[in-house]
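For reference, the structure discussed in these notes is given below.
Each reported figure results from applying straightforward, stated rules to the coordinates on display, with no laboratory input. Just so you know, these numbers come straight off a predicted model, no measurement behind them. No Cβ is skipped: glycine too gets one built from the backbone with ideal geometry, and neighbour counts run over all protein chains shown.
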Amino acid sequence: MHTPTTEALRLAAIEAAQSVVVKVGTRVITTADGKLDRHRIDLLAEQLCRIADTGRQTVMVSSGAVGAGMGKLGLEKRPSGLAQLQAVAAIGQADLMQAYESSLSKMGRHASQVLLTAEDLRRRSAYLNVRNALIQIHAYNSIAIVNENDSVAVSELMTTFGDNDRLAAQVAGLLPDALLIILSDIDGLYDGPPDHPDSNRIDLVKTIDESILALAQDQQNHHSKGGMSSKLDAAQVVTSHGQTMIIAPGRDDHVLDKLFSNTPIGTLFLPPEKSIRGRRRWIGSAAHVAGKLFLDDGAVNAVCQNGRSLLAIGITESSGSYDQGSVVSICNSAGKEIARGLINYPSNEVLQILRQPSESITEILGHRPYENVVHRDNLVITAQSDH
């Protein structure tokens with residue numbers, strides 16, 4: 001049987017990606033003295049826009065707030081006190097966002113600041129809100145610049161997500177068919193110390209086992225918390241979601257363009273062949289089911305056969321008490337479960353809008369945050385519908 005080449009596997013991963021999350025570390029976008037490297041941000045912004053121009057949802061997870069604040073304040077080393085760290089991050093975040101907005105606006109797009117804490121991705125209602133916000137930011141011709149909310153996330157500054165590598169992996173898990181690209185000051189994963197002349201870059205990792213984890217060579221400095229260990233942790237999260245990750249040379253001026261033209265750079269991490277996307281696995285099996293929706297035959301067909309979102313007009317009955325962001329079981333008229341999904345409305349509102357067209361929701365509820373009751377991207381088919 002023919003074994004695909006690394007180039008073919010890389011090309012397949014890039015072509016399959018509907019969403020692209022790019023993570024850039026402090027050491028890539030700051031100069032040696034800790035100040036923002038605005039030329040680097042210009043180069044990255046141009047390439048991010050070219051990716052977005054292909055129709056892919058494009059998100060940047062950017063470190064650099066503390067580093068930018070250090071540069072602005074003339075600090076030579078990262079503060080150790082929590083209050084100082086929070087203040088430096090807050091001061092630096094403004095500079096960081098201004099730099100991205102300036103660079104992206106030259107390409108006709110805007111920067112959208114998204115500050116997250118670990119709690120935002122633990123609670124399903126917040127998770128759903130973040131996910132929908134990212135989708136809408138893309139629809140508005142903008143690129144989300146995501147960062148840990150360092151100025152308020154107390155444990156992150158001393159460490160929560162650990163660093164933005166893990167945050168980037170969790171953001172990738174929010175998006176459909178995402179490719180995570182981590183831009184590092186090291187060109188990829190090496191089979192020895194990266195600066196040793198006998199070390200070689202590993203082009204492809206199919207399985208992250210103990211031998212791969214043992215290759216991590218963390219090189220900490222005063223400006224960054226990340227290292228190869230955290231990148232491999234991120235790779236484990238991403239591949240468990242059924243997604244692909246690439247560690248690539250962040251200081252290559254054309255790194256993203258090269259990746260999307262299938263130039264063989266960096267290290268490609270593939271998901272296991274039988275993996276199920278983490279969010280869908282959670283929805284379809286692990287999540288607590290808080291209620292049930294019963295659909296008419298037209299809605300069953302729209303959801304199961306045509307891949308549509310679930311609209312209120314197709315719901316005939318709702319049972320159970322559930323909140324927005326809960327997982328609900330979606331059943332046909334005979335009561336057989338056909339799908340599960342994250343619901344956009346609490347049960348008391350669903351009871352008011354079932355069987356109603358979407359345009360009537362505002363009149364009935366006084367608001368309409370979502371046109372659909374369950375978005376197709378938050379819906380997993382669990383059984384074939386009866387014909």
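Given an 8 Å cut-off on Cα distances and at least 6 residues of separation, report the relative contact order of segment 40-143 as a percent. Display every interim value, and only then the final one.
On the way: 90 pairs, mean separation 30.7, N = 104.
It rounds to 30 percent for segment 40-143.
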With the crude spin-label approximation of a point 7 Å out along Cα→Cβ, what separation in nm comes out for E76 versus H110? 4.2 nm
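Within the set of other residues whose C-beta is less than 14 Å from the C-beta of N200, count the net charge using Lys and Arg as +1 and Asp and Glu as -1.
On the way: positive: R201; negative: D187, D191, D195, D198, D203.
Net of charged neighbours comes to -4.
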When a footprinting reagent is the concern and you count Cβ atoms within 10 Å, what order do R56, R50 take, fewest first? R50, R56
When only alpha-carbon atoms count, how far does the chain stretch along each of its three principal axes, as whole angstroms with the largest first? 67, 56, 37
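Would you kindly state how much longer the chain becomes between N306 and A133 on full extension, computed as 0.36 nm times their sequence separation minus their alpha carbon distance, in nm to one decimal?
Result for the pair: 59.8 nm of gain on full extension.
How much net charge surrounds I212 when only the other residues with a Cβ under 14 Å from the Cβ of I212 are counted, with Lys and Arg +1 and Asp and Glu -1? Before the final figure, lay out each step's value.
Details: positive: R201, K206, K231; negative: D191, D203, D209, E210, D233.
That sum, taken over residues with Cβ under 14 Å, equals -2.
Could you quote the convex hull projected area for segment 1-151, Cα atoms only and averaged over all directions, in nm²? Before the final figure, lay out each step's value.
Values: hull surface 45.6 nm².
Average projection, Cα convex hull of segment 1-151: 11.4 nm².
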Mean separation of Cα contacts under 8 Å (6+ apart) over length of the chain, as relative contact order %: 15 percent
What distance in nm separates the simple spin-label points at S229 and A383, each placed 7 Å from Cα in the Cβ direction? 4.7 nm
Using a 7 Å offset from Cα along Cα-Cβ at R355, what residues in segment 295-330 end up with backbone N under 17 Å from the label point? 295-300, 311-319
Theoretical gain in end-to-end length, K35 to K206 [0.36 nm per residue, Cα-Cα removed]: 57.8 nm
Here the tail fraction of P(r) beyond 23 Å, over all Cα-Cα pairs of segment 280-381, rounds in percent to 14 percent
Which angle between 0 and 90 degrees, to the nearest 10, do you get for helix 164-174 versus the longest principal axis of the chain when only C-alpha atoms count? 20 degrees
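Run the dipole for the chain about the Cα centre, Lys and Arg Cβ at +1, Asp and Glu Cβ at -1, nothing else charged, and hand back the magnitude in debye, nearest 20. Intermediate values should be presented prior to the final figure.
Values: 36 positive and 43 negative charges, 95 e Å.
Charge dipole, the chain, about its Cα centre: 460 debye, nearest 20.
Pairs K23/K72; K23/K292; K106/K206; K35/K231; K72/K106; K72/K258: which are spaced more than 30 Å apart, C-alpha to C-alpha?
Over 30 Å Cα-Cα: K23/K292; K106/K206; K72/K258.
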Fully extended contour minus Cα-Cα distance, from E371 to A8, at 0.36 nm per residue: 126.7 nm
